[in-house]
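Below is one structure, written out as structure tokens; the observations come after it.
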Amino acid sequence: MPNTVARVLQNLRPRKGEMPILMAAHFSRYQLTRCHRLGWTLERIGWGFMAATMFAAVVGLFGAGWLSTAETTRSDSATVRYPRFGRAHSPLELEVEWTPGPGDAVLWIERAYLDDFAIEEVRPPPVAVTLDSERIQYSFRVSESDVRVTVEFTVRASHGGVLSGSLGFGGEPGLTVRQYIFP
């Protein structure tokens, strides 16, 4: 037995007519079966993880897909479309549509929500921006009343995490926007 161990450790070739010495030959049948089952289990776990990652990518968790965009609607008067998932420091599009009453179209966004973003562009540009302690109000001049208004915000998230806030129109209650931003 000591010669066998020494030959394995020295990595010698078997002599002519001898069987090669394998370390697994010294394991019991139970140990070999247990090792194979563990390997098989870990392999299946890896397959499951890869399949879940590919499925998440297809449905839009990491980019474009039917899960990637969300839409919040209040009856037929207001709609907000936004990306459900985004990356920190990457541009995101927030599209707001509503039918304003008579006069200027006023859109307010919760200040706590906008504190997590840098606003890069507002299309069309607002006529006036009003700040108060809880909200930022954007006013847009509308030539005709009861015409659907569409405003697009290009924003850039300053950090990752779950970001949520609300936006609304005039004195109406707001629509909630909830996004997960990857770091």
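For the reader, a short list of remarks on this structure follows.
- Candidates in segment 127-155 are the residues that are crowded, with 16+ Cβ neighbours inside 10 Å and closer than 15 Å to Y82 by Cβ; of these, the one that is farthest from the chain's Cα centre (by Cα) is V151.
- So T130, is it of a type in the set (V, I, T), out of contact with any Leu (no Cβ under 7 Å at 6 or more places or on another chain) and modelled with pLDDT of 90 or more: yes
- Filtered by the rule that a residue be outside any strand (DSSP E or B) and at pLDDT 75 or above, segment 67-87 gives L67, S68, S75, S77, R84.
- Of the set (1) more than 19 Å from the chain's Cα centre (by Cα); (2) surrounded by 12 or more Cβ atoms within 10 Å (Cβ to Cβ); (3) touching a residue at least 40 places away in the same chain (Cβ under 8 Å), all apply to P102 but (2).
- Against the criterion of being within 20 Å of the chain's Cα centre (by Cα), of a type in the set (G, A, S) and at pLDDT 90 or above, A64 does not qualify.
- Qualifying position, being surrounded by fewer than 17 Cβ atoms within 10 Å (Cβ to Cβ), outside the structural domain of V177 (by TED's automatic domain parsing) and not charged (D, E, K, R), among A88, A112, A64: A64
The values are calculated or read from the model by the stated rules, or taken from the named source; none is laboratory data. Not measured: the values here are computed from a predicted model. No Cβ is skipped: glycine too gets one built from the backbone with ideal geometry, and neighbour counts run over all protein chains shown.
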